[in-house]
Amino acid sequence: MTHITSTLVQRCLRTPLGLLFRRDAQRRGLFGGCGSAASRPLRAARDAYAILGIERNATSAEVKERFRELAKKYHPDLNKGDRAASMKMSELTSAYDTLMDSRKRAALDHATNQANSGSAASSRSGPFSGFQGDEWMDASQMFSEFSDIFGRGSPFKPQGSPAAATRGEDVSGQVEVSFLDAMQGCESVLSYMCRQTCVDCRGSGAKEGTSWSKCKVCRGTGVQRVERGILSMGVPCHRCHGQGEVLDHPCRACRGEGSRTQPREVRVSVPAGVRNLMELRVPGAGHAGGRGGKSGHLFVTVKVLPHELFRHVDDDVHLDVPLTLKQALLGGQVEIPTLDGTKEFLTIQAPTQPGATKVLRGRGPPRLDSGGRGHLVLRFLLQLPKELSNRQMALIEEFDRLTMRVEEKSKPGFAGPGPDNHQHRDSVHPNRKPYDRNRGRAFA
């Protein structure tokens with residue numbers, strides 16, 4: 001039986017129509033043992049890794065990081081009206097779902113290993129070596145590779161197979177959270193419009209009590225035969241559009257589409273430590289799929305509102321702490337806010353220069369990638385009064401003169417105060433003898 005099937009296949013491929021099939025198959029790499037059932041999972045596995053541009057031994061964290069990088073580049077919001085970017089984003093999402101699911105990824109890797117181990121046995125010589133063996137006992141396996149030429153259906157499509165399900169498109173949205181909520185983690189409710197499964201027909205598109213029926217034009221194959229001389233070509237059926245099934249009584253609510261646009265609310269969990277404009281993915285919260293297909297995903301951009309005191313810098317949070325002149329010179333305690341919404345007292349060492357920093361390790365926001373927590377970096381500033389009284393100005397001038405005197409005494413070769421300060425010394429200390437600036441000593 002195997003030999004007879006192989007002979008019939010080879011005769012079919014010698015016809016003019018078969019030559020067209022053979023050229024297309026060679027272009028796709030279906031001949032020479034590459035069209036085996038084991039190679040199809042191999043191509044799918046390679047596509048999943050190739051779409052994301054990662055190695056097969058990449059970890060889940062590397063897959064997630066690569067997906068985020070590509071998602072920012074091909075996101076529909078950043079490429080409005082670009083159909084190619086939308087299709088690329090759909091491919092990235094599908095590949096990401098496959099590689100992040102441990103069971104799916106293990107199945108793909110297992111199929112890849114089987115294909116590699118059986119490549120030597122399937123590499124027989126001859127242009128039709130792939131047609132030998134138990135794999136080609138059913139001729140419909142070969143023609144199934146050309147299903148896209150005939151349309152969604154073909155004369156060799158298994159009868160009774162349902163129309164292919166399609167995955168729903170992704171949806172994007174944005175939520176706003178306060179700075180402290182972003183540091184502590186919170187939940188936000190997002191309201192948006194998306195296509196949801198029709199409740200009346202349960203996604204089938206058919207009116208209640210009815211169902212899809214086989215197309216009478218193509219008899220459920222989805223293909224119409226067109227004769228062109230000695231050639232017989234298959235084109236998609238004009239009535240069922242290649243689906244093989246028609247809907248005679250569509251649902252009135254969704255008009256046969258199986259889904260309709262409705263408002264929806266989703267509670268988004270914002271992780272602690274999220275940064276501004278970071279994107280979160282909510283699986284299955286996008287548009288509903290067609291004919292029982294999976295729903296798309298919801299991509300939520302988190303906008304963190306700025307805080308009047310805190311600043312998020314890398315993995316840390318910076319805070320400016322104003323100090324009075326007394327606190328900067330003599331030290332003391334100052335009250336500072338924290339990320340959990342409370343306040344605590346911090347001891348200031350004397351003296352503290354303006355612009356100095358102090359790091360409170362482990363008191364910053366949680367780190368999303370590497371784990372642990374960042375630091376709270378304090379930067380001290382000198383807070384000066386805007387207006388001064390006469391008494392304050394006199395004390396400051398006296399403080400400045402005393403400071404200069406101390407600095408002059410600390411310098412080598414100190415010879416006494418300068419001429420500008422001589423009159424003040426006599427007024428402040430009237431009992432002291434006059435100072436001889438020429439000889440550098442007191443005289444009577």
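Observations on the model:
- Flag if residue 207 is exposed (fewer than 14 other Cβ atoms within 10 Å of the Cβ), at pLDDT 85 or above, more than 30 Å from residue 175 (Cβ to Cβ) and out of contact with any Gly (no Cβ under 6 Å at 6 or more places or on another chain): no
- Cβ-Cβ distances below 6 Å connect the following pairs, each with a first residue in segment 173-187 that is of a type in the set (Gly, Ala, Ser), a second residue that is crowded, with 17+ Cβ neighbours inside 10 Å, and a separation of six or more residues or different chains: 173/190; 173/300; 182/274; 182/304.
- Enumerated helices (runs of 4 or more DSSP H) restricted to segment 325-437, each holding at least 2 residues that are at pLDDT 90 or above: 325-330, 390-410
- Taken together, the criteria exclude residue 312 from residues that are of a type outside the set (D, E, K, R), in contact with a Pro (Cβ under 6 Å, 6 or more places away or on another chain), closer than 23 Å to residue 72 by Cα and in contact (Cβ under 8 Å) with a residue 12 or more places away in the chain.
- Those residues of segment 305-324 which are under 35 Å from the mean Cα position of the chain (by Cα) and part of a loop (DSSP other than H, G, I, E, B), in sequence order: 305, 306, 307, 308, 309, 314, 315
- Taken over segment 58-82, the criterion of being among the charged types (D, E, K, R) and more than 13 Å from residue 299 (Cα to Cα) is satisfied by 62, 64, 65, 66, 69, 73, 80, 82.
- Remark: pairs (first residue in segment 257-270, in contact (Cβ under 8 Å) with a residue 40 or more places away in the chain; second residue of a type in the set (Phe, Trp, Tyr); Cβ separation under 9 Å; 6+ apart in sequence or on different chains) = 263/192; 264/192; 265/192; 266/192.
- Taking segment 289-319 as the range and being among the aliphatic types (A, V, I, L, M) and touching a Gly at 6+ places or on another chain (Cβ under 8 Å) as the test, the residues that pass are 298, 300, 317.
- Qualifying residue in segment 159-180 (condition: surrounded by fewer than 17 Cβ atoms within 10 Å (Cβ to Cβ), touching a helix residue (DSSP H, G or I) at 6+ places or on another chain (Cβ under 9 Å) and either within 30 Å of residue 304 (Cα to Cα) or modelled with pLDDT under 50 (or both)): no
- Tabulated pairs, segment 208-226, first aromatic (Phe, Trp, Tyr), second surrounded by fewer than 21 Cβ atoms within 10 Å (Cβ to Cβ) and at pLDDT below 85, C-beta under 6 angstrom, 6+ apart or interchain: none
The values are calculated or read from the model by the stated rules, or taken from the named source; none is laboratory data. Worth saying up front: this structure is predicted, and the values here are computed from it rather than measured. Quick reminder, even Gly has a Cβ in these numbers, built from the backbone with ideal geometry, and neighbours come from all protein chains shown.
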